[in-house]
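Visitor: First the structure, which I've put down as structure tokens, then a few questions once you've had a look.
The values are calculated or read from the model by the stated rules, or taken from the named source; none is laboratory data. Predicted model only: the values in this text are computed from it and were never measured. A quick note on method: Cβ atoms are made from the backbone with ideal geometry, for glycine too, and the neighbour counts reach across all protein chains shown. Protein only, heavy atoms only, side chains kept; ligands, DNA and RNA dropped before computing areas. Shrake-Rupley method; radii C 1.70, N 1.55, O 1.52, S 1.80 Å.
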Amino acid sequence: MSSLSMKPGLRHTVSEWSSNNQQLLAEAQHQRGVSAAIRQDGRMLRNETSSKTVWDESDSSRRLSDRMWDVGRWKDMLESCAQKVDEEMEALTLSKQQTEQILAATAVPLDVSTECQTLRDGRRGFELVVDPVDEQLKKEVELIERVQQILQQNVDKAFEQLCVLQEARHQLTSDLQNKMDTLDVDMSCLSLTIKSPHISLKTNPTRIPSGSSSPQEWLQFSQYNVSRAHEAMQVSQQMREDMSLTRAQLQNELETQRRATEFSLRKRNHQEEQARDELEWQIRTTENEMSEMENDISGLDADLQAKTANLKLAHTRLETRTTRPGMDLCRDEVQLGLVAEVQQLEATITALKQKISEAQNSLQKMKLHHSRMLQDLSRKQEALSLEQRSLNTRNRLASASIADKTPALVVPLMNSSGRSNLKLLAQ
């Protein structure tokens, strides 16, 4: 009743009613057209984005695969280079050890040469001469000291180069380990799919991580590590060749000097033996001469005593005949003969005494010289004994044996998945 009592609304004409109906139909048709267009665009967008997404995912996988191949190629290069560095370090270490062994072996020749010099300094008198042996021993000592200095320098250089190789190897293994870890990361990324259970949306995944590098920097870094290692190996190889050549040359010089020293020592020993033998012969001859001189002096003294007895006889006869009386005290032929006999005996006795004096003087001189020859013989025998001791001392010289090479310790270098079995020298 209340609705019927309400006042009727605004009345429209039939034309207005028809116009409104037309507008509603037109708007409905327009909205359907817009909706159809949007649906068509949505279908096209779905098709396009689905293809794009599949393509992008495929392209990303391909890029990952290509990147893994590139990283794997560099990993193999780094691994091969690291192994070569290890081999070069082992070769250089062996060369260094050989040089150190030769350096240690020079201590014995130096001690022997010094001991020979000390022994020969014990010579006395005229046996203490500056002979060729002294010159050769001096040259030998100077040569050994120079050889020791050169070998020590080579050892120091080899140690420094080993440090350079170790540093290059450290860079290679660090880069190699990074490559292995990168392969693990990229492999895990390549294995992910939209059905993987651990995928999720991340916060700002497109950010540039701090410390990231460009592809050029990445390539240059690995190239620099390999290039640096190759340069260090080339230097090491040249150093090993130089060390080997130096060792051979120095050993030849030492051997040549050793032979020259021993030759001069044997030659000097032979000369001293000749001088000793000659001096012994002179001493024996002098002793024989002294014995004959003593016998002759004894003979002269006996003759002197005999002539003295004859002189006494002649003197007694002359003195006794002076007692003749009167005219019988005549200077007769007997008197003249006795006077002549006395004069002759006195002259003979004087000559004998002079000759005995000369003989005794000569004998004394021979005794003095004999004493000096005995002293010189003692010094020669002592010097010869020192030369023999020097020769025996030099028998200690022998080539040093090369110790067996001890294999280097190795430690495995592998990635987190354990796919690499590269073995590198222990730090």
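Visitor: Looking at L304, is it assigned to a helix (DSSP H, G or I), at pLDDT below 90 and not basic (K, R)?
Guide: Spelling it out, L304 is indeed assigned to a helix (DSSP H, G or I), at pLDDT below 90 and not basic (K, R).
Visitor: Given the structure, is E142 surrounded by fewer than 21 Cβ atoms within 10 Å (Cβ to Cβ), within 15 Å of the chain's Cα centre (by Cα) and assigned to a helix (DSSP H, G or I)?
Guide: Judged against the criteria, E142 is not a match.
Visitor: Answer yes or no as to whether L304 is hydrophobic (A, V, I, L, M, F, W, C) and either under 23 Å from I356 (Cα atoms) or open to solvent by 70 Å² or more (accessible area, probe 1.4 Å) (or both).
Guide: Considered against the rule, which asks whether it is hydrophobic (A, V, I, L, M, F, W, C) and either under 23 Å from I356 (Cα atoms) or open to solvent by 70 Å² or more (accessible area, probe 1.4 Å) (or both), L304 comes out as yes.
Visitor: So which of D156, D111, D121 ends up being open to solvent by 20 Å² or more (accessible area, probe 1.4 Å) and under 18 Å from N395 (Cα atoms)?
Guide: Going through D156, D111, D121 in turn, the sole match is D111.
Visitor: How many residues, within the stretch 87-125, are in a helix (DSSP H, G or I) and basic (K, R)?
Guide: Here the count works out to 2.
Visitor: Residue check: is A168 touching a Lys or Arg at 6+ places or on another chain (Cβ under 7 Å) and either of a type in the set (G, A, S) or in a loop (DSSP other than H, G, I, E, B) (or both)?
Guide: yes
Visitor: Could you check the stretch 256-305 and list, in sequence order, the residues that are farther than 17 Å from L377 by Cβ and of a type in the set (A, V, I, L, M)?
Guide: Result: A260, L265, M293, I297, L300, A302, L304.
Visitor: Among the residues that make up the stretch 172-181, is at least one of them hydrophobic (A, V, I, L, M, F, W, C), outside any helix (DSSP H, G or I) and at negative phi?
Guide: Scanning the stretch 172-181, I find no residue that is hydrophobic (A, V, I, L, M, F, W, C), outside any helix (DSSP H, G or I) and at negative phi, so the answer is no.
Visitor: Which pairs have Cβ atoms under 9 Å, sit 6 or more apart or on different chains, and link a residue in the stretch 58-83 that is at pLDDT 90 or above to one that is open to solvent by less than 40 Å² (accessible area, probe 1.4 Å) and β-branched (V, I, T)?
Guide: If the second residue must be open to solvent by less than 40 Å² (accessible area, probe 1.4 Å) and β-branched (V, I, T), the pairs left are W74/V226; M77/V226; L78/T173; L78/V226; C81/V226; A82/T173.
Visitor: Given the residues R268, R258, R240, R228, which is the only one that is assigned to a helix (DSSP H, G or I), basic (K, R) and open to solvent by less than 50 Å² (accessible area, probe 1.4 Å)?
Guide: The unique qualifying residue is R268.
Visitor: For the structure I just gave you, tell me whether D70 is open to solvent by less than 40 Å² (accessible area, probe 1.4 Å) and part of a helix (DSSP H, G or I).
Guide: yes
A quick yes/no check of all residues on (1) touching a residue at least 12 places away in the same chain (Cβ under 8 Å); (2) of a type in the set (K, R); (3) within 30 Å of Q274 (Cβ to Cβ); (4) out of contact with any Leu (no Cβ under 7 Å at 6 or more places or on another chain):
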residue: D296; (1), (2), (3), (4): yes, no, no, yes
residue: Q343; (1), (2), (3), (4): no, no, no, yes
residue: E346; (1), (2), (3), (4): yes, no, no, no
residue: L368; (1), (2), (3), (4): no, no, yes, yes
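Visitor: If you go through the stretch 197-205 one residue at a time, do you hit one that is over 35 Å from the mean Cα position of the chain (by Cα) and of a type in the set (V, I, T)?
Guide: Yes, there is a match, as at least one residue in the stretch 197-205 is over 35 Å from the mean Cα position of the chain (by Cα) and of a type in the set (V, I, T).
Visitor: Return the residue satisfying two criteria in turn: it lies in the stretch 186-225 and is under 26 Å from L78 (Cβ atoms) and of a type in the set (G, A, S), and of such residues it is most open to solvent (accessible area, probe 1.4 Å).
Guide: Only one residue tops the list, namely S210.
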